[in-house]
Structure formats: structure tokens, C-alpha cells
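The values are calculated or read from the model by the stated rules, or taken from the named source; none is laboratory data. These numbers were taken from a predicted model, which means no experiment stands behind them. Here the Cβ positions follow ideal geometry from the backbone for every residue, glycine too, while neighbour counts run over all protein chains shown.
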């Protein structure tokens with residue numbers, strides 16, 4: 001234990017021996033910070049310190065914490081029905097949300113299957129793609145094509161479509177069937193290579209899966225919209241389904257409500273989560289077009305999608321998501337994302353001069369400083385906390401994905417802390 005844990009509240013001391021923490025070697029990792037509350041763009045610690053949150057709790061709290069409109073919607077729904085099973089029953093929050101999502105998404109992405117986490121939504125999308133071919137009587141399409149730099153979750157099937165060299169999942173090589181991996185078609189040669197690969201192996205591929213515009217946890221890697229148009233053309237040419245994983249990019253993060261919408265490219269299946277509820281409650285969705293859904297619409301009971309998470313379409317989460325969509329419909333988010341992006345660009349640009357930095361890039365409300373080698377995550381986190389901010393680097397990147405509603409002073413504090421700490 002360190003000094004902080006010795007001064008921690010009773011609940012922390014009692015619970016610490018029993019909690020298995022994410023993404024860390026618990027024996028050597030610094031103790032987590034005890035949180036008392038959240039407000040706007042701030043995390044308030046038990047010891048009274050306030051930290052400006054630079055990553056919106058893993059990219060979820062797009063409207064800031066404790067937004068009153070979302071809080072009221074959840075409170076009102078809690079008084080009516082906190083949960084009811086979705087098998088054989090229906091409720092207004094879920095049905096309203098499904099129709100609103102279908103109206104907002106491009107093309108005929110009209111069929112919404114709810115779940116409770118991003119990884120599960122990707123698993124469901126993969127299952128939809130596989131069974132789509134089975135139901136149509138097409139044999140042999142049992143594999144997926146993922147892309148280098150990609151990340152789609154930590155569950156067993158989603159790990160198989162992540163970059164196989166990605167450090168978190170390399171331990172599990174060989175446990176699940178290997179999928180087909182390729183470089184994104186960012187130019188002529190990579191496009192030709194992917195086309196050749198699909199010509200050779202397209203008959204065994206159920207779907208390609210990609211994070212549009214930004215490969216998030218793989219290193220905040222950006223690509224332009226032409227990449228997505230190439231993928232759509234090749235998917236159509238080779239008869240392969242196209243899945244867009246918008247769990248990170250969905251709901252405004254890249255400057256458009258959905259990356260696919262801004263790019264003018266409609267996938268066959270899209271996955272959504274993270275900012276879906278405005279960072280309030282867990283909820284996700286896998287949303288399919290008519291082509292996919294029609295393969296399941298049958299008099300044959302065996303053609304149904306036999307899947308149903310216990311808490312799917314939870315009414316509280318759906319109420320939060322509907323309230324979040326209300327805020328998006330106001331339109332203010334778009335101006336805020338542009339403001340945040342411009343301020344990130346100017347505030348982070350001086351980091352190019354920091355030793356070891358190889359790139360500084362901004363897209364929408366995402367600001368990234370990339371180093372040549374992996375950074376000391378624990379050491380940097382501690383120094384950021386001393387500077388009054390919560391920033392959690394990953395791999396070679398130190399990044400900011402703040403709430404869209406963050407004010408200029410707090411945003412300048414974040415970028416100033418980045419410059420100060422990275423220059424130290």
C-alpha cells in the first residue's frame with residue numbers, strides 16, 4: 001500500500017483486497033484514486049481535490065457528468081420501471097430509442113439489437129454476419145477480416161479481429177480461430193493488396209470490420225474517408241458484409257454525429273455504445289440493414305437470432321440514451337466539437353518539440369500526441385494528477401477526448417498540463 005491508500009476511506013480499504021482492477025498488473029500498479037463525485041468536466045476525489053477529466057471516462061461522458069436533463073430522465077424512469085426482461089415484453093424507452101436511432105443513421109440501418117457493452121455489441125454483429133450467410137444457405141463464410149491497428153473489444157471473439165500484435169491480446173494467440181488480417185487500404189498499393197486478398201479468400205469471409213475514421217484503442221490512428229469508400233466498394237465487389245464499429249466514433253466525436261454519415265458510406269451493420277447514454281449507464285447496440293435482417297425473417301424458428309443479454313434494452317439506460325439524443329438534437333454539440341478541436345490543435349501543437357514525439361494530430365474532439373516508444377503510463381498519470389487533470393495514456397500515445405461541453409479555461413488547463421508534463 002502507498003500513502004494514499006493508507007489515508008483512504010473505509011469502503012476503499014475494505015473493498016481493495018477483493019476488487020480485480022482493469023488493464024493493470026495489480027501487484028505493482030499505483031493504487032487507484034478514490035472518487036467522491038463528478039460534475040461537468042470534473043472528477044472530485046474523496047480528499048477534496050478536483051481533476052479536470054481529459055478523456056471523459058473512456059470517451060463516454062460527451063455532455064459532461066451529471067447533465068440535469070439525462071439525470072431527470074433516469075430518475076423519472078427509475079420511479080416507473082428500472083428493469084424488465086426484453087423477451088416477450090416491450091417498453092417505451094427501448095422502442096422509442098430504436099426508432100430514433102434508425103431515423104438518425106444513414107441508409108436502411110433500421111434493425112436495432114440492444115446489449116449492454118461495446119464488446120458484446122461487436123460479438124452480436126459478428127454473430128449476425130455469420131448467421132446471415134448460414135440462413136441464406138451459403139456455406140464456408142466463417143471468417144472475418146480485421147485490420148492492423150484495429151481494436152474491437154476484450155471478449156474472446158472480439159479479440160480475434162483486433163490487431164494480433166496488440167499487446168493486451170497476444171497471450172491468447174491460438175485459443176480462438178485466427179481471422180484474416182490486412183492493412184487498411186490507405187493508398188493504391190494497399191488497396192490492390194486488399195483486393196487481391198479478397199479475390200483469393202473472399203469466399204470464406206463473412207464480413208470485414210473496421211473502426212471508421214479513427215482506430216481508437218489501437219493507438220488513435222486516423223484515416224480519411226476515402227479508405228471507407230474503398231472498403232464499401234470492395235465489400236460489394238466481393239460479396240462481403242461490412243461492419244462499422246462506431247463504439248468510439250459514434251455520437252459526434254469526429255465532428256459528425258456518426259463517422260459513416262460524415263463519410264457518406266453506409267455499412268451493413270454498425271455497433272454503438274460508449275457515448276450512447278452520455279456516459280450515464282451501460283448500453284450498446286448492433287444495428288443491421290434490411291439485407292442482413294431479411295435473412296432472419298422466416299417461418300423457420302431455427303433462422304432466428306438466438307441471443308438475448310439479460311439486461312438488454314434496460315429501461316434506465318434507454319431513458320438516458322433518449323435524453324442524450326435530445327441534447328444532440330439541439331445542435332449545440334457540433335459547434336462545441338469544432339471549438340474543442342480548434343483549441344486542442346493550438347494547445348497541443350507545441351508538443352511537436354518534445355523529445356521523442358513523432359506526431360501531433362487532431363480530429364474532431366480528439367487530440368493525440370504520439371511518441372516513438374511506449375510511455376510510462378503510471379508515471380505520467382501521477383504527474384498529470386499533480387497538475388490537476390485526469391489523463392490516462394496508452395501505449396505510445398497521450399491523448400485528450402474531453403466532454404464536448406468543457407469550457408475553454410478547463411480545456412486550456414488540459415493542454416497546458418500536457419505541455420508541462422511531457423516537457424518535464
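Failed condition for residue 5, given (1) assigned to a helix (DSSP H, G or I); (2) at pLDDT below 95; (3) surrounded by 17 or more Cβ atoms within 10 Å (Cβ to Cβ), with all others met?
For residue 5, the exception is condition (3).
From the list 194, 242, 228, which one is in contact with a strand residue (DSSP E or B) (Cβ under 7 Å, 6 or more places away or on another chain) and assigned to a helix (DSSP H, G or I)?
Step by step, each of 194, 242, 228 is checked, and only 194 is in contact with a strand residue (DSSP E or B) (Cβ under 7 Å, 6 or more places away or on another chain) and assigned to a helix (DSSP H, G or I).
Can you pull out the residues in the range 197-225 that are within 26 Å of residue 291 (Cα to Cα), touching a residue at least 60 places away in the same chain (Cβ under 8 Å) and in a loop (DSSP other than H, G, I, E, B)?
Listed by number, the residues that qualify are 211, 213.
Report those strands (runs of 3 or more DSSP E) wholly inside the range 339-424 carrying at least 2 residues which are touching a helix residue (DSSP H, G or I) at 6+ places or on another chain (Cβ under 6 Å).
Filter on the range 339-424 gives 357-363, 366-371.
When residues of the range 303-335 are filtered for being surrounded by fewer than 18 Cβ atoms within 10 Å (Cβ to Cβ) and part of a helix (DSSP H, G or I), how many remain?
Total satisfying the criteria: 6.
Within the group 106, 93, 82, which residue is touching a helix residue (DSSP H, G or I) at 6+ places or on another chain (Cβ under 8 Å), closer than 20 Å to residue 244 by Cβ and modelled with pLDDT of 95 or more?
Criteria check complete, one pass: 106.
List the number of the failed condition for residue 31; all other conditions in (1) in contact with a strand residue (DSSP E or B) (Cβ under 6 Å, 6 or more places away or on another chain); (2) within 26 Å of residue 377 (Cβ to Cβ) hold.
The single condition residue 31 does not satisfy is (1).
Go through the range 66-91 and give me each residue that's in contact (Cβ under 8 Å) with a residue 24 or more places away in the chain and more than 13 Å from residue 280 (Cβ to Cβ).
76, 80, 81, 82, 83, 84, 85, 86, 87, 91, listed by residue number.
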